[in-house]
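Worksheet for the structure shown next.
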Amino acid sequence: MLNSRQMGKSSLRVRTMRRLQADQIICVVIDVTAIGTQQVTPDRWYAGLVSTIVNSLKLELDFRTWWREHDYLSAVSRLDLFIESVLLVQLCQPIVIFIDEIDSTLSLDFKDDFFAMIRSCYNKRDHVAAYQRLTFALLGVATASDLVQDKNRTPFNIGRTIDLTGFQLHEAQPLAEGLTENVSHSEAVLKEILAWTGGQPFLTQKLCSLVQKSPPELSDNISEWIENFVHQNVIQNWETQDQPEHLKTIRDRILRNEKRAAQLLGLYQQILQQGQVAANGSPEQVELRLSGLVVKQQETLSVYNRIYATVFDQKWVDQALSELRPYAKKLTAWVASKQQDASHLLQGQAFYQAQIWAADKSLSVQDYQFLSASQEQEQRKAKRQIRMGSAILALSFIGTLATLMVADEALRVEKEASRASKVSRIQTLNATAERLLGTNQQLETKQLEALVESVKARRELQELQALQGTIGVPGDLKTKTASILQQVVSAIQESNRLEGHDGSVTSVSFSSDKQPDRQLIASASEDGTIQLWHRDGREFKTLKGHNGSVTSVSFSPDRQTIASASEDKTIKLWNRSSNKVKTLHGHTGAVTSVNFSPDGQMIVSASKDKTIKLWSRSGNEIKTFKGHESPVTSVSFSPDGQTIASASEDKTIKLWNRSGNQLRTLKGHEDKIYQVSFSPDGRTIASTSWDYTVKLWNRSGKLKSTLKGHSDRVMGVSFSPNGQTIATASSDKTIKLWNRQGTLLKTLKGHEDRVTSLQFSPDSQMIASASFDQTVRVWKIGDSLPLILQGHTGEVYGVNFSRDGQILATASQDNTARLWSRAGSAIATLKGHNNRVWSVSFSPDDRILATASWDKTIKLWSREGILLATLQGHQGWVMKVSFSPDGQTLASTGSDRSVILWNLGDRTIKKQWNSNHQENVVDISFSPDGRTIATVSDDKTAKLWDRDGKLLRSLTGHKDEVNGISFSQNGKMIATASDDKTVKLWKTSDGSLLRSLEGHNERVMTARFSPDGSLIATASFDKTIKLWKTSDGSLLQTFSGHTDWVWDASFSPDGKMLASAGRDKMIRLWRLASAKQLSDGCEWLHDYLKTNSHLEESDRHICDR
């Protein structure tokens, strides 16, 4: 399947595989990007491809041995031989090999051989019958001229508005009835309340509730009493009284985007001053209406109600604008002079700074008039300088030189002002992105905005360099811009934002279309509509028909029908291709959930009427299930379609067969249950609850585990289609990702209100989430989730990769070391120490693993985990070991403060000396040339020795215990980590301090250089790992996920992965981001820039250059 990007190729592949496998056809998927295409040799690339096939299909083959035995053949010939002599021999069924991201191969200089080999396989079908069972399915980008960007895709943006009006008096009668018990003249009271709220539902109900608790006396003037009551209970000190938040939400909606806030405030100011303005449907008017502050009535916009007009009055607008504008006072004075007094206009640097501030914002007309007048004044001033030079020229030929100097000086000043303006603008963009990035580089809010600002800064910097040359650009500006962009690219997870609903979004669902350009996302909202979106964010269709909030939406397995449930007590079935809709009536309460059976022939629904109903696809009611004692909140079919699970506010989950017989009841939650879902294999049931937890149950109803971590009600849960990941949505505004064992992998932050629903894309690479903030957000997961290794029963102190990068060794408090494959599977447990194992290290040839223990010994093990020898000589805990680069010597140290060099040939002590450190010696390391040994100690120092034990120098400067030390790969630099929360970089040759890395807020245990020396990884008791740039010490990335102290971190030999070990008994493997930065950022933003309806037009083209 070769066509353009973002067309759903992976989705097609997943669906095709399922159908093929159902027909007993063997399928295997090869993701070319996982094999790698950058600086990879043909041997490694083809080995990765064949290894994937062997492992996926569980072929009986010792792959390593086989591959080496045939190394007399070229790599492509070995692949050809493998297919003919292994694959087609061991498997007799038809085989389909899906090769995904095939466009990645086009960067390989040996790609022609690969495609020729595939072609030869097809040619062999004519004369070798076995090849008729083999099919390759290539998935990738079709356009050869531009494989990474789909420039032919046209943005498709549709704006629409839905007019929602507040309560009218006759519509609010139930509220009047509720007031009757404590309030006399309830009808009159309600009328006055509506006069203040304009019928705004939340405010109306809030005021009714407050009035019921403190009713007026019979003798009171109702109108006057309500006015005073509103002022006392709502308006006065409104920020304090605004509970639950309502007015703050309106304020934040207007002010959240600094670039647009000034324009929205300017528009609102017009409405305040004029009473109303003509409605024209502009983006600004739509945004202001979406804030709730104004309402459209008879083609005009006016303030929604008296409460809003009183709270958000002219004084509030002035204050908000003054906090936004750096020139607020001058603008006010200029306007007061009726725009006549030029002395209030901006001049010189003040004008240039204002230009920079205003450049990326949408401002009011008044702002632009003021800035334009200031600019005209500045231009007149520059022209006067030039004319002055010309006048001098007319006076005297002798004055020519002076004239040219004056004119040249004016041009120079103008050019310098332009340069300063650009520099200032870049600094502003960087500051904005850095503020959004947060102190811990986690991008907790406005992720896409941060990336847009950072990409703009990088583009501006490129333009400045083109004009000024690299010499004319401050070095720290280049470093800062690159650093922030890399941090944002590394941290970002949100890839698109779908904005179009006028109410809270309650449910979201992916379709599983085969055709990439037909894959859709459906979102349901309290605004009574269902929105259909293309996967890239283009709006496809709006489904209208419900008379109440839409609570749930679901695609049929054949993708042709959308089912929606609503508070109007109905279910609607919508035909995707036509406008046909069928309405199912039967529930007597709001319908809360709707789902299709796996075969698409039945529909199940849940309702507040405490029942579950089963319907035929044609809309006929089949069966009603009764048993819950409270509203049923969620319902779901098992993957085999034989079992139905229901969740209820009665705190139980019930399992039913299709005939309506209750199979069992699951109890364990302490509050209402909100959603229930089956895993793809049907073996696990997940439930979410208002008790802040997620519970995993087996099919027989036994509780397997409880996932804790959310700080508010858990509203939604979704299993990834590959079954490896569980995603949960919560009222705490976050999404959490867990592995199937219940270990938290990652937390996604960005929504500005409770997250109500979420679902994985069919390829498990993306998540769509719905929220009360009226948005659907799309998150790219991809390979960003850390791989977690679990097995140790105590803290994990040390972690190290083998030199070939294929094995990971860990040391633990549980007295063992463990060996793991890079993919995360356990290889061996090394048992023999009788106290905690503190560190592990591989020999340069990977044949020996050394472990250091508090039992005062060092043990040597084979790569397979067989004990080879025990080295005894230390009188205290052994803390660290280090192999010499030639592999002939092992250095060790520990609490006895001695350094021992061991001869690995006969495993005897070659040299031993007292380090003269005043406390425990906790780390030791050989320099890359093997001539120098470095030690660090709790005595706050590091020492450098030659191999004879002669002290070369001491490194002093840390203010607390030093925990770790390492050499850069060229040996010219040393990094030390300390309890003083810093890492220090030293010059090896003379011991001088180069710089300190500050950013951790707890003790730093480890500092390791990357294989190419460009990066430093640090592990800390603040539960994070940080990545720093060696050249300037700038912080690039922070990895959060460990739930307790992080003891150690180590790079893989290829520099693509980072392993960390923690007190939480876990090892985490993190994939490191590439250094492309700008291209990565633009690729990430592609859909957002093309489709988001709220984006500034100028920002859409930041990646076009």
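The values are calculated or read from the model by the stated rules, or taken from the named source; none is laboratory data. What you are looking at is a predicted structure, and each value in this text was computed from that prediction instead of being measured. Positions of Cβ are generated from backbone atoms using ideal geometry, with glycine treated the same way; all protein chains shown enter the neighbour counts.
Only one of the numbered conditions (1) modelled with pLDDT of 95 or more; (2) in a strand (DSSP E or B); (3) under 19 Å from R576 (Cβ atoms) is not met by T551, and that is (3). Residue by residue through region 1035-1093, note down the ones that are acidic (D, E) and modelled with pLDDT under 90. Passing the criteria: D1080, E1083.
For the criterion of being of a type in the set (S, T, Y), part of a loop (DSSP other than H, G, I, E, B) and surrounded by fewer than 24 Cβ atoms within 10 Å (Cβ to Cβ), S966 fails.
Restricting attention to region 820-873, the residues that are small (G, A, S) and part of a strand (DSSP E or B) add up to 10. Remark: S689 matches the filter, which requires a residue to be small (G, A, S) and modelled with pLDDT of 95 or more. State which residue is farthest from the chain's Cα centre (by Cα) when the search covers only region 914-930 and only residues that are under 16 Å from V881 (Cα atoms) and not polar (S, T, N, Q). Applying the filter and picking the extreme gives G930.
For region 10-49, filtering for residues that are in a helix (DSSP H, G or I), among the hydrophobic types (A, V, I, L, M, F, W, C) and within 29 Å of the chain's Cα centre (by Cα) leaves 6. The residue list G865, G873 contains one member that is assigned by TED's automatic domain parsing to the domain that holds S812 and over 41 Å from the mean Cα position of the chain (by Cα), which is G873. For region 295-341, filtered to residues that are touching a Ser or Thr at 6+ places or on another chain (Cβ under 7 Å) and farther than 21 Å from E376 by Cβ, the residue that is modelled with the highest pLDDT is I307. Kindly establish whether T935 is assigned to a strand (DSSP E or B), within 38 Å of the chain's Cα centre (by Cα) and surrounded by 15 or more Cβ atoms within 10 Å (Cβ to Cβ). No: the conditions fail for T935.
Residues that are of a type outside the set (A, V, I, L, M, F, W, C), touching a helix residue (DSSP H, G or I) at 6+ places or on another chain (Cβ under 9 Å) and either at pLDDT 95 or above or in a strand (DSSP E or B) (or both) do occur in region 1014-1034. For region 213-233, a tally of residues being outside any loop (DSSP other than H, G, I, E, B) and in contact with a helix residue (DSSP H, G or I) (Cβ under 6 Å, 6 or more places away or on another chain) returns 5.
Considering region 745-793, the qualifying strands (runs of 3 or more DSSP E), each wholly inside and each with 2 or more residues that are buried (at least 19 other Cβ atoms within 10 Å of the Cβ) and modelled with pLDDT of 95 or more, run over 755-760, 766-771, 775-780. Looking across T561, T570, T611, T583, one residue alone is of a type in the set (V, I, T), within 15 Å of W656 (Cα to Cα) and touching a residue at least 12 places away in the same chain (Cβ under 8 Å). It is T611. If a residue must be charged (D, E, K, R), part of a loop (DSSP other than H, G, I, E, B) and not assigned by TED's automatic domain parsing to the domain that holds A522, how many such residues does region 443-502 contain? Total satisfying the criteria: 2. Among residues of region 109-136 being of a type in the set (V, I, T) and outside any helix (DSSP H, G or I), the one that is modelled with the highest pLDDT is T135.
Across region 40-61, the number of residues qualifying as exposed (fewer than 15 other Cβ atoms within 10 Å of the Cβ) and within 13 Å of C27 (Cα to Cα) comes to 3.
Taken together, the residues in region 940-963 that are in contact with a Lys or Arg (Cβ under 9 Å, 6 or more places away or on another chain), on the phi < 0 side of the Ramachandran plot and either in a loop (DSSP other than H, G, I, E, B) or assigned by TED's automatic domain parsing to the domain that holds W877 (or both) amount to 6. All of G281, G292 fail the test of being modelled with pLDDT under 75 and outside any helix (DSSP H, G or I), apart from G281. Applying the condition of being part of a strand (DSSP E or B) and over 32 Å from the mean Cα position of the chain (by Cα) to region 969-978 and asking which residue is surrounded by the most Cβ atoms within 10 Å (Cβ to Cβ) yields I974.
Scanning region 89-129 for residues that are under 42 Å from the mean Cα position of the chain (by Cα), over 25 Å from T33 (Cβ atoms) and among the aliphatic types (A, V, I, L, M) yields a count of 1. Among residues of region 107-125 that are in contact (Cβ under 8 Å) with a residue 40 or more places away in the chain and exposed (fewer than 13 other Cβ atoms within 10 Å of the Cβ), none has a Cβ under 6 angstrom from a residue that is among the small types (G, A, S) and outside any helix (DSSP H, G or I) at a sequence gap of 6+ or on a separate chain. Exactly one residue among L901, L849, L951, L944 is aliphatic (A, V, I, L, M), surrounded by fewer than 16 Cβ atoms within 10 Å (Cβ to Cβ) and at pLDDT 95 or above, and that residue is L951.
With respect to Y352, determine if the residue is part of a helix (DSSP H, G or I), modelled with pLDDT under 70, aromatic (F, W, Y) and in contact with a helix residue (DSSP H, G or I) (Cβ under 6 Å, 6 or more places away or on another chain). Here the answer is yes, as Y352 does meet what is asked. Please tell me if S862 is surrounded by 16 or more Cβ atoms within 10 Å (Cβ to Cβ) and hydroxyl-bearing (S, T, Y). Spelling it out, it is not the case that S862 is surrounded by 16 or more Cβ atoms within 10 Å (Cβ to Cβ) and hydroxyl-bearing (S, T, Y).
The residues of region 192-205 that are more than 9 Å from N305 (Cβ to Cβ) and surrounded by fewer than 19 Cβ atoms within 10 Å (Cβ to Cβ), listed by number, are P201, F202, Q205. Within region 318-347, the set of residues being touching a Phe, Trp or Tyr at 6+ places or on another chain (Cβ under 7 Å) and crowded, with 19+ Cβ neighbours inside 10 Å comprises L331, W334, H344, L345, L346.
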